[in-house]
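In what follows, a single structure is set out as structure tokens and then discussed.
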Amino acid sequence: MDMENTIHNATEQTASQPSTDLIKKKLKQAYGSGTLGMLIQLIIAGTVSGIANSVAQGYFAGRYAAENPGVDQLDVVAKGQELFQASSVPVISNAVGYLIANVAAFLIMVAALKAFKPADVFRKPKANKTMALGIIGILGLQGISMFVQSLVENLTGMSGVNEQFTASMSIDDNLLKSVVLVVYMVIIAPITEEMLCRGLVLNSLSPVSRTFALIASSMIFGIMHGNFNQMFNGFLLGLVLGYIALKSGSIIYSIIAHMVCNANAMFMECVYSYAIGGELEEKLYSIHCIAMLVIGIPLLIIFFKKNGKINEKTDIITENFRLDTSSEKGELTWKILLTRPSFWVFVAIYVGLAAIMVSPIATIPNA
């Protein structure tokens with residue numbers, strides 16, 4: 001009788017466990033959804049900002065032509081482009097485009113995943129007094145990224161972003177442009193990007209392995225920046241932001257950490273590049289980066305030591321993506337993700353965009 005009960009219980013337990021094929025099917029959908037969400041974001045952002053930019057350039061060109069009758073058409077187009085770039089429109093259209101794109105992609109993929117509840121990622125974080133260490137310590141990684149970027153530029157003479165992009169995303173005398181840029185970078189981008197990258201992508205990649213999900217989502221986060229200057233920085237920051245989200249069980253703290261990083265970058269842009277400039281800018285910029293390293297890295301090390309490795313059972317943002325299985329993780333993580341067509345389309349598009357952005361660094365000839 002005992003043997004019969006044992007066999008019966010084992011049979012029931014086996015039947016209650018999902019089959020490997022079913023797990024793979026669900027993970028293919030989840031892994032595909034993660035990168036598909038990023039593609040949707042790119043398409044929507046490009047469409048919204050593209051339409052807005054085309055209309056604006058047409059407006060500036062038309063206004064210039066009306067004020068200067070008889071001017072050659074090529075000159076009208078060139079002047080319209082120049083006026084457009086000097087206006088606040090590029091920053092505003094970019095901000096609005098990505099705001100709509102991030103939220104829309106998040107909601108579309110939430111609907112596709114069905115079991116996902118958006119409110120889960122914004123739930124109250126677990127009580128953890130060490131989160132402040134991680135939030136401040138992340139500036140140390142930002143400092144490392146800035147030094148690496150500077151080193152690469154000095155060695156190669158090339159920048160991962162062209163002058164046009166740099167100018168459009170820089171603080172200048174255009175007050176409206178500068179205000180929109182700061183609000184978007186410090187508030188809107190951290191909230192919407194964390195919803196998408198940690199709330200959606202990290203969750204959808206994490207059913208079997210949280211560690212895999214952390215690395216893969218950070219890689220996707222870095223690539224999605226679309227320029228080589230920020231890909232490395234995005235990957236490193238993504239690792240810490242994802243770690244914070246998993247350890248706290250919410251994206252609230254990862255949003256705060258993301259805001260701190262972007263606010264720091266905007267501070268350096270506003271004070272050093274715009275307000276001061278010249279040789280003093282370079283000196284203060286270097287001192288600031290060193291301070292970030294000296295203060296941030298030790299705090300980050302303490303933060304990691306106190307929180308330890310990722311726990312595959314307890315470190316999770318939303319319970320809806322829990323999928324415990326004894327199947328081989330290698331077959332259910334990288335292998336499935338790397339065979340998703342949407343993943344490679346995503347990589348090809350963003351790496352292509354990054355390649356287009358690469359340009360020689362402008363140098364000022366000696367007098």
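The values are calculated or read from the model by the stated rules, or taken from the named source; none is laboratory data. Predicted, not measured: the structure shown is a model, and the values here were computed from it. Please note: Cβ atoms are built from the backbone with ideal geometry, for glycine as well, and neighbour counts cover all protein chains shown.
In the stretch 186-203, the residue that is nearest to Thr35 (Cα to Cα) out of those that are surrounded by fewer than 21 Cβ atoms within 10 Å (Cβ to Cβ) and among the β-branched types (Val, Ile, Thr) is Ile191. All told, Glu153 meets the bar of being in a helix (DSSP H, G or I), more than 15 Å from the chain's Cα centre (by Cα) and among the acidic types (Asp, Glu).
Rundown of residues vs (1) under 26 Å from Ile251 (Cβ atoms); (2) exposed (fewer than 15 other Cβ atoms within 10 Å of the Cβ); (3) aromatic (Phe, Trp, Tyr), yes/no style:
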| position | (1), (2), (3) |
| --- | --- |
| Ser49 | yes, no, no |
| Val55 | no, yes, no |
| Asp72 | no, yes, no |
| Val76 | no, no, no |
| Glu82 | no, yes, no |
| Leu99 | yes, no, no |
| Ala112 | yes, no, no |
| Val121 | yes, no, no |
| Asn128 | yes, no, no |
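Would you be able to say whether some residue in the stretch 164-175 is crowded, with 19+ Cβ neighbours inside 10 Å and at pLDDT 85 or above? Scanning the stretch 164-175 turns up no residue that is crowded, with 19+ Cβ neighbours inside 10 Å and at pLDDT 85 or above. For the stretch 81-96, indicate whether the set of residues that are touching a residue at least 12 places away in the same chain (Cβ under 8 Å), under 19 Å from Met224 (Cβ atoms) and polar (S, T, N, Q) is non-empty. The answer is yes, given that some residue of the stretch 81-96 is touching a residue at least 12 places away in the same chain (Cβ under 8 Å), under 19 Å from Met224 (Cβ atoms) and polar (S, T, N, Q).
Does Val183 satisfy being farther than 22 Å from Thr333 by Cβ, within 19 Å of the chain's Cα centre (by Cα) and surrounded by fewer than 16 Cβ atoms within 10 Å (Cβ to Cβ)? Yes: the conditions hold for Val183.
Could you say which residue among Ala78, Ala127 is without any contact (Cβ under 8 Å) to a residue 24 or more places away in the chain and in a helix (DSSP H, G or I)? Can you show your working first?
Working: Ala127 fails: in a helix (DSSP H, G or I).
Ala78 is the lone residue from the list that is without any contact (Cβ under 8 Å) to a residue 24 or more places away in the chain and in a helix (DSSP H, G or I).
The combined condition, being among the aliphatic types (A, V, I, L, M), over 28 Å from Leu181 (Cα atoms) and modelled with pLDDT under 85, is not fulfilled by Ile301.
When Ser250, Ser273 are checked against the criterion of being of a type in the set (Gly, Ala, Ser), over 16 Å from Ala189 (Cβ atoms), more than 13 Å from the chain's Cα centre (by Cα) and part of a loop (DSSP other than H, G, I, E, B), Ser250 stands alone in meeting it.
Residues considered: Ile255, Ile251, Ile244. Of these, the only one that is of a type in the set (Val, Ile, Thr), surrounded by 21 or more Cβ atoms within 10 Å (Cβ to Cβ), touching a Pro at 6+ places or on another chain (Cβ under 7 Å) and within 25 Å of Leu200 (Cα to Cα) is Ile255.
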